[in-house]
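The values are calculated or read from the model by the stated rules, or taken from the named source; none is laboratory data. Given the structure is predicted, the values throughout are model-derived calculations rather than measurements. In this analysis, Cβ positions are derived from the backbone assuming ideal geometry, glycine residues included, and neighbour counts consider all displayed protein chains. To get the accessible areas, we keep the full protein, side chains included, count just its heavy atoms, and leave off ligands, DNA and RNA. Shrake-Rupley method; radii C 1.70, N 1.55, O 1.52, S 1.80 Å.
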There are 2 protein chains.
Amino acid sequence: MDSSTPASGNSAPTVRRRTGGRSARVRAQVVEAVGALLLEAGYDGLTVDAVAERADVHRTTVYRRWRDVGGLLADVLDAAADDTWQPADTGTLEGDLTALNQELYEALSSGPTLTTALIAASFRSAEAAAALSRFWEDRYERCAVVVARAAARGEVPAETAPRALLVAATAPLYHELLLLRTAPDPALPDRAARAAAAAARTGAFAAAAG
Amino acid sequence: MDSSTPASGNSAPTVRRRTGGRSARVRAQVVEAVGALLLEAGYDGLTVDAVAERADVHRTTVYRRWRDVGGLLADVLDAAADDTWQPADTGTLEGDLTALNQELYEALSSGPTLTTALIAASFRSAEAAAALSRFWEDRYERCAVVVARAAARGEVPAETAPRALLVAATAPLYHELLLLRTAPDPALPDRAARAAAAAARTGAFAAAAG
């Protein structure tokens with residue numbers, strides 16, 4: 001999402017800026033600075049002044065365009081969503097879900113990462129929380145194709161609800177690694193994917209299921 | 001867990017205090033005050049002095065016994081675990097998991113609750129995070145009987161791993177309500193329970209499954 005009001009916190013259509021100009025360069029510097037500071041010192045180390053200094057951008061520019069820490073965090077997430085990421089196409093539902101979970105496992109288990117720092121920050125800033133929700137909803141929408149392919153192959157009922165299945169596959173990773181804070185278990189991504197695929201094959205996520 | 005060193009943060013055997021005495025009364029007042037302050041003002045509103053005033057306990061007592069905010073949060077969680085809670089016995093795996101998820105859903109979806117406040121605080125205090133992990137591990141251990149009963153009835157393979165199944169059943173609720181922050185969906189507890197039970201029946205959580 002490339003927005004001229006990155007901190008506006010709404011999902012209304014926005015005007016696309018020229019890419020590659022000064023504005024895009026400044027945004028890239030600021031986004032990188034926010035990520036670096038968040039990793040180093042967490043939410044408490046994040047101030048507009050620290051970001052401006054780290055990004056080598058005038059603080060007035062940062063205040064005008066991002067307003068506050070919430071605006072900065074929201075834009076980091078919106079910038080992260082502004083990519084061409086697509087889920088892998090392995091030929092089976094279980095394979096696709098396992099590939100998705102492997103990516104997620106790397107992001108959540110390799111020590112303090114930007115992902116975990118942003119999730120922690122979402123408990124401090126309503127704007128970051130809203131941006132994180134947008135980011136995840138976008139990711140789950142992109143992954144709906146995994147379920148559509150499985151339905152086309154006859155692996156799961158045609159009326160399978162993509163989001164419910166995708167959440168079932170991925171939620172155990174968030175729960176174990178972020179909330180329960182258990183030691184990373186390399187078997188977890190595959191086990192969670194296999195269980196969700198098995199449930200889906202029985203029709204557990206079919207929209208009409210009672 | 002009733003511990004003479006409630007803020008010690010370890011799981012070593014501890015000496016049981018007399019219950020009902022002054023010490024137990026002071027602890028009850030302090031635990032209640034921490035919960036009330038956390039609900040009203042979140043982690044940022046939680047200080048040892050504010051807790052002492054709210055609990056009507058001398059601040060020196062609070063500092064000596066709980067040391068700091070991390071120690072207070074850990075003891076609130078340890079006090080919460082010091083109960084006789086057991087999962088419902090409905091006669092079926094899906095029924096038991098649904099009952100468990102309904103309780104969880106109430107705790108996570110009824111506006112700001114102590115549960116959500118404690119989880120948010122766990123991202124600020126390592127001591128609270130460790131206490132929260134202990135609390136959840138204890139709850140999952142108590143719920144293992146749900147899986148044992150299902151195995152005894154022949155609903156799932158005998159080698160089904162209780163924890164993996166229980167996490168699969170409950171994780172979608174934490175993910176949707178705490179992290180994705182989607183609007184509460186009354187169908188969620190049952191859907192997540194049904195899907196986990198369906199996966200378990202296929203042997204997806206059997207320890208030997210590859």
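Using a 1.4 angstrom probe, figure out how much accessible area region A:133-177 has per residue, in square angstrom, rounded to the nearest whole. List each step's numbers first, then the result.
Working: 1500 Å² over 45 residues.
With the other protein chains kept in place, region A:133-177 gives 33 Å² per residue.
Count the net charge of all other residues whose Cβ sits under 12 Å from the Cβ of residue B:109, scoring Lys and Arg as +1 and Asp and Glu as -1. Mind showing how you got there, number by number?
On the way: positive: B:181; negative: B:103, B:106, B:176, B:185.
It works out to a net charge of -3.
Would you calculate, for chain B, the mean residue ellipticity at 222 nm contributed by helices, counting each DSSP H stretch of 4 or more residues as -39,500 (n - 2.57) and dividing by all residues, to the nearest 500? Before the final figure, lay out the partial values.
Numbers: 9 runs with 128 residues, N = 210.
Rounded to the nearest 500, the figure is -19500 deg cm²/dmol.
Taking each residue in B:196-204, count the Cβ atoms of any other chain within 10 Å of its Cβ, then average. What number comes out?
Numbers: counts 6, 3, 10, 13, 3, 3, 7, 3, 9.
That average works out to 6.
Ignoring ligands, DNA and RNA, what percent of the accessible area of the protein assembly as shown is carbon or sulfur (1.4 Å)?
On the way: 10000 of 18090 Å².
Here carbon and sulfur together make up 55 percent of the probe-accessible area.
Placing +1 on the Cβ of each Lys and Arg and -1 on the Cβ of each Asp and Glu in chain A, which of A:21, A:203, A:104 has its Cα farthest towards the positive end of the resulting dipole?
Positive-most Cα among the choices belongs to A:21.
Give me the net charge for the shell around residue A:202: Cβ to Cβ below 11 angstrom, other residues only, Lys and Arg +1, Asp and Glu -1.
Values: positive: A:201, B:194, B:201; negative: none.
Taking every Cβ under 11 Å from that of residue A:202, the sum is +3.
If you take every residue apart from residue B:142 with its C-beta less than 14 Å away from the C-beta of residue B:142, what net charge results, scoring Lys and Arg +1 and Asp and Glu -1? Each step should come with its number before you reach the end.
On the way: positive: B:134, B:139, B:149, B:163; negative: B:82, B:83, B:89, B:96, B:103, B:137, B:138, B:141.
Here the charged neighbours net out to -4.
If one takes the accessible area of chain A alone plus chain B alone and subtracts that of the pair, with a 1.4 Å probe, what total in Å², rounded to the nearest 100, results? Don't skip to the answer; put the middle values down first.
Details: alone 10590 and 10610 Å², together 18090 Å².
Interface area, both chains combined: 3100 Å², rounded to the nearest 100.
Using the Cα centre of chain B as the reference point, and only Cβ charges (+1 on K/R, -1 on D/E), how large is the resulting charge dipole? Debye, rounded to the nearest 20.
On the way: 22 positive and 26 negative charges, 118 e Å.
My answer is approximately 560 debye.
Give the long-range amide H neighbours of residue B:206: residues separated by 5 or more places, or on another chain, with amide H under 5 Å away, using H modelled in the peptide plane at 1.01 Å from N.
Answer set, sorted by chain and number: B:161.
Need one word for the protein assembly as shown: rounded, prolate or oblate. Basis is the Cα gyration tensor (sqrt eigenvalues a ≥ b ≥ c); a/c below 1.5 gives rounded, then a/b vs b/c decides. The partial results should precede the final answer.
On the way: a/c = 2.19, a/b = 1.03, b/c = 2.11.
Oblate, because a/c is 1.5 or more while a/b does not exceed b/c.
Taking a ≥ b ≥ c as the square roots of the Cα gyration tensor eigenvalues, with a/c under 1.5 meaning rounded and otherwise prolate when a/b beats b/c, else oblate, which class fits region B:119-188?
On the way: a/c = 3.54, a/b = 1.49, b/c = 2.37.
Here region B:119-188 falls in the oblate category.
Please state the shape class of region B:74-194: rounded when a/c is under 1.5, otherwise prolate if a/b exceeds b/c and oblate if not, all from the C-alpha gyration tensor.
Numbers: a/c = 2.11, a/b = 1.40, b/c = 1.50.
Taking the square roots of the gyration eigenvalues as a ≥ b ≥ c, region B:74-194 is oblate.
Using a Gaussian network for chain B with springs between C-alpha atoms less than 10 Å apart, which of these wobbles most: B:25, B:124, B:149?
Looking only at B:25, B:124, B:149, the biggest GNM fluctuation is shown by B:25.
Is there a quick way to get the dipole size of region A:39-159? I mean about its Cα centre, with the Cβ of Lys and Arg at +1 and of Asp and Glu at -1; what is the value in debye to the nearest 20?
Values: 11 positive and 21 negative charges, 61 e Å.
For this selection, approximately 300 debye.
For residue A:88 and residue A:107, calculate 0.36 nm times their separation in residues minus their Cα-Cα distance, and state this gained length in nm to one decimal.
Numbers: separation 19, 0.36 × 19 = 6.84 nm, distance 1.63 nm.
Between residue A:88 and residue A:107, full extension yields an extra 5.2 nm.
Hey, got the average number of other protein chain Cβ atoms within 10 angstrom for residues in B:162-173?
Working: counts 0, 3, 8, 1, 0, 11, 10, 2, 3, 12, 10, 3.
Mean partner-chain Cβ count within 10 Å for B:162-173: 5.
Tell me the per residue accessible area of region A:22-80 using a 1.4 Å probe; a whole number in Å² is fine.
Accessible surface, normalised per residue, equals 47 Å².
With just the Cα atoms defining each centre, how far is region A:76-108 from region B:128-195? Give it in Å.
24 Å
Rounded to the nearest 20 Debye, what is the dipole magnitude of region A:22-80 about its Cα centre when Lys and Arg each give +1 and Asp and Glu each give -1 at the C-beta? Mind dumping the intermediate values first?
Numbers: 8 positive and 9 negative charges, 77 e Å.
Using Cβ point charges on Lys, Arg, Asp and Glu, region A:22-80 gives about 360 debye.
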